[in-house]
Amino acid sequence: MSQCSISSLRKGPITVISLILITCALMLCASAAFPRLALIFDDIKHPAFEVKSVLSRFVSGGDKAGEIEIVIGELKVQDYVWKNIRLSCGTFQYGRTAMQCEDGYVRIPEFIAFPVAFHVFFDAQTLTIKGFPAKNESWEVALQWNNISWQGVVTIHDISLDSIAKWLPDQEKVPMPGDGRVSGNVSFSGNGADLRTAAMDLSIEKLAFSDRGGLHAGDNISLLLKGGINRAPHQSRWHWHSDVYWQQGEVFWQPIYMAGSDHYLNLQGIFDGETIRLMESAVKLNGLGVFDFSGILDLSSKQLSTLELKADGVRLSALYEQLLQPFLRNTAFAEIQLTGDVDWLVRVEDGVVQSLQIDFDEVSIVDARNRFAFYRINAHIPWLFEGATVADISFLSGHVLSIPLGEVRVPLELNQFDIFLPQVTLPVLDGHLKLENFGAKYTEDGWRWKFNGGLTPISMEALTNVLQTQPMHGTLSGYIPEVNFDGNTVSVNGVLQLSVFDGSIVMHNLKLIEPMGLAPHLMADIAMRNLDLELLTGTFSFGKVEGRVDIDVQNLELANWVPVHFDAHLFSSSGSYSRRISQAAIENISALGGKGAVAAIQRSILRFFEEFRYAEIGWRCKLRLNICYMGGIDAEPESRYTLIQGGGVPAITVIGYNREVGWQELISRLQRITSENEPIIQ
Amino acid sequence: MVNCTKYYLLLLCLLFASIPVLGYAEADLEINSPAISSIKQRMQSRHSELVEYYNSGAVGLTQDGMVMVRNANAVSLAKRQHVNSLVSAENQDRNALYREIARANNHPEWESKIRSTFGERWINLARSGWWYQAGGRWTQK
């Protein structure tokens, strides 16, 4: 009888239970002769577990009943070790066809201690074990077998997940369940030593988990888990499928936070012992869309040998808010508003993206800090890891640093991490910005790019209007030499030439550090030649000035688009031209110099003439630490300096006395003068 | 909110006032520029939000003049991303502040020294109960 029982149980799936039953069977065989019996096993080894020091005691109570106790000194399953496991049964009943215990108890110090019950019916070949870990919590393992096959069901009723956490290794970065309850069942069947099918149908309520740092945590989560795995006879391939229904809850998985309900994950595929093949799997994130994926996971290397991700009609606004934004915090896209849809198809092999296809449908990108915006972007962007492709990108309108851009469509040549655009013409206000030989490259330090080009005339009135700066007349046009960006700084290699106010502007050493950073720095040396003063001052409420000037601005530095340093010198251009200045302009120039500048002119004389003649105009300003150190036509060291040197009839000379003016004060005066119709007379 | 702002202003004043005597006489750490002003303004307006997380221990001060999420468990799940954003934005501003002060002094190469000086002072001026890093370990003040 004992041999029969042992051989049957060895074919079963639960080896520890088998051990216990074998122990019981051995004791029962001997119990007929000995009313008290103790058995000791020093060491039992199995590939799946190791048991040390097993002590079994049986005290016969007569009439096929008695007390039984089994103490396992140490049980080791993989890396888990439990000590002093105690199984006891006060009323153990046995017979030829059955063994049973209704009031058993299992205890593992510091882990578990709860009542258990079991029944074995040898004729029916069934085994049932029940556990009652806590009030209203229970589980049951029911096994049935015959000479060919076996099957079982584990039924779980409202088991606390908190108690399961005790069994898991305590690691700092591994999330541990802190709350939650699980119910449902897991069924399985097999032949001989082989598992053939398994299925689960579990529901988890109010799940909470967290790692120690709280960087991977969830709360109040309700899930439904369904799945199955099966294998045809004599085949090594397992077909499996699983569905996870996310009913409610919230998760923070650094840096992503997701909440809500009705998310869904479907996984299915084939497992052959060496690889897991994902087939036609999908995740549906409510509010975002459905993401399809498939691939092959190589178990020996623990790497995805292939992966394909596909999504259609994903709402970019939700994608950005829920998934992308945390990853873009330190980029120019940290705070943007996105609208429109995106489709993508990504193929990855051996951890490397082999191909990518992104399609934008009526997408708009607007920077919250108003540095840039692009509206109604439509794009088809194919990309290959090996090989060249052409992307088709268009947008209807936009602006960069407040400069508006018109509709444009570009064929972008892509070759691995190189982007090339032979030529594109961007409508800018009433002119065009022509970019040639635009090339961009992605490196370890980020994006680098360069281009050259030109600017066909755009109206200064329109440009100053959109830049919300002082209105100016004339046009702006020019040649743009090679401009490049090294990941931190935009530099112009050569001179940038512009035409404005009927004169020319040449910029040397132009650099823009961190153009999209928190405090962009612009540096340049600028030489302006032959500017028409009438055009320059014409739309200012400054007063009319006829003539031409040259302006040198050396060592110019703007921080956050505000001047912090320069050496400026404005002086009359050489040559013959009309040199007249209105009464209003004289008074305003005098006012700019502060009190005292006007002292050189007679207010009574001013009243007689509308215009005066002059020989030269000159003004100097060295800006240092918010102070403008002023000078006039000559670099005189005296306390006074000449701003306007009279010449002809009627002539006027304006002398300045105030050498130091706060930059903000100077700007305020200029803004007052140019925003009011009446000139300031101090 | 008003108290927070006052505290922040006081903190900044003390910070800037105390730094020139730290053996860093050549650098003018009180120097101002439009960029520095706008960075300080952003940091000041953010401080009233951050102070709650300094108090709870969720965010601490690092030795290199930055802030860091120290214990996310002190913040509800829904707010953890927001705290990350605050910390990220604060660190961007702090980096920019140190860089701009170095630039305004015409010595961009002083940035790392300015950063470590600021780091030390931020910790010295932190409120009781706030957490800071010392020797790579978190310590409560």
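The values are calculated or read from the model by the stated rules, or taken from the named source; none is laboratory data. Predicted model only: the values in this text are computed from it and were never measured. Cβ atoms come from the backbone with ideal geometry, glycine included; neighbour counts cover every protein chain shown. When the accessible area is computed, the model is the full protein with side chains, heavy atoms only, and any ligands, DNA or RNA have been set aside. Shrake-Rupley method; radii C 1.70, N 1.55, O 1.52, S 1.80 Å.
Take the residues in segment A:575-585 that are in contact (Cβ under 8 Å) with a residue 12 or more places away in the chain and assigned to a loop (DSSP other than H, G, I, E, B), then tell me which one is nearest to A:Gly543 (Cα to Cα). This residue is A:Arg579. Considering only residues in segment B:82-111 that are over 18 Å from B:Val51 (Cβ atoms) and charged (D, E, K, R), the one that is most open to solvent (accessible area, probe 1.4 Å) turns out to be B:Glu109. Apart from one condition, A:Glu335 fits all of (1) within 16 Å of the chain's Cα centre (by Cα); (2) charged (D, E, K, R); (3) modelled with pLDDT of 90 or more; the exception is (3).
Of the residues making up segment A:224-254, just one is aliphatic (A, V, I, L, M), in contact with a Leu (Cβ under 7 Å, 6 or more places away or on another chain) and either surrounded by fewer than 16 Cβ atoms within 10 Å (Cβ to Cβ) or within 30 Å of B:Ser85 (Cβ to Cβ) (or both), namely A:Val244.
Any idea which of A:Ile164, A:Ile159 is open to solvent by less than 70 Å² (accessible area, probe 1.4 Å) and in a helix (DSSP H, G or I)? Break it down stepwise before answering.
Numbers: A:Ile159 fails: in a helix (DSSP H, G or I).
The conditions single out A:Ile164.
Is segment A:325-332 home to any residue that is within 16 Å of A:Ala379 (Cβ to Cβ), open to solvent by 50 Å² or more (accessible area, probe 1.4 Å) and of a type in the set (Ser, Thr, Tyr)? Scanning segment A:325-332, I find no residue that is within 16 Å of A:Ala379 (Cβ to Cβ), open to solvent by 50 Å² or more (accessible area, probe 1.4 Å) and of a type in the set (Ser, Thr, Tyr), so the answer is no. Among the residues of segment A:96-118, those that are more than 26 Å from A:Leu168 (Cα to Cα) and loosely packed, with under 12 Cβ neighbours inside 10 Å comprise A:Arg96, A:Thr97.
Only a single item in (1) away from chain A (no Cβ under 11 Å); (2) within 17 Å of the chain's Cα centre (by Cα); (3) modelled with pLDDT of 70 or more is not met by B:Leu15, and it is number (3).
Of the residues B:Ile39, B:Ile123, B:Ile114, which is open to solvent by less than 10 Å² (accessible area, probe 1.4 Å), β-branched (Val, Ile, Thr) and more than 14 Å from chain A (Cβ to nearest Cβ)?
Numbers: B:Ile39 fails: more than 14 Å from chain A (Cβ to nearest Cβ); B:Ile123 fails: open to solvent by less than 10 Å² (accessible area, probe 1.4 Å).
Answer to the selection: B:Ile114.
Would it be correct to say that B:Asn95 is at pLDDT 90 or above and within 14 Å of another protein chain (Cβ to nearest Cβ)? So B:Asn95 passes the test.
The set of residues in segment A:410-460 being closer than 21 Å to A:Ile381 by Cα, in a strand (DSSP E or B) and modelled with pLDDT under 90 consists of A:Tyr442, A:Thr443, A:Gly446, A:Trp447.
Taking segment A:273-299 only, how many residues are over 21 Å from A:Tyr320 (Cβ atoms) and touching a Lys or Arg at 6+ places or on another chain (Cβ under 7 Å)?
Residues in segment A:273-299 being over 21 Å from A:Tyr320 (Cβ atoms) and touching a Lys or Arg at 6+ places or on another chain (Cβ under 7 Å): 1 in total.
Scanning segment A:216-272 for residues that are of a type in the set (A, V, I, L, M, F, W, C) and within 14 Å of chain B (Cβ to nearest Cβ) turns up A:Ala217, A:Ile221, A:Val251, A:Phe252, A:Trp253, A:Ile256, A:Met258, A:Ala259.
Applying the criterion of being charged (D, E, K, R) and surrounded by fewer than 19 Cβ atoms within 10 Å (Cβ to Cβ) to the residues of segment B:42-75, the residue that is nearest to the other protein chains (Cβ to nearest Cβ) is B:Arg42. Does B:Ala78 satisfy the condition of being under 12 Å from the mean Cα position of the chain (by Cα), facing chain A (nearest Cβ under 8 Å) and modelled with pLDDT of 90 or more? Criteria not met by B:Ala78.
Apart from one condition, A:Glu534 fits all of (1) without any contact (Cβ under 8 Å) to a residue 60 or more places away in the chain; (2) outside any strand (DSSP E or B); (3) in contact with a strand residue (DSSP E or B) (Cβ under 7 Å, 6 or more places away or on another chain); (4) open to solvent by less than 40 Å² (accessible area, probe 1.4 Å); the exception is (4). Here A:Tyr80 fulfils each of the conditions (1) within 29 Å of A:Asp123 (Cα to Cα); (2) in contact (Cβ under 8 Å) with a residue 24 or more places away in the chain apart from (1).
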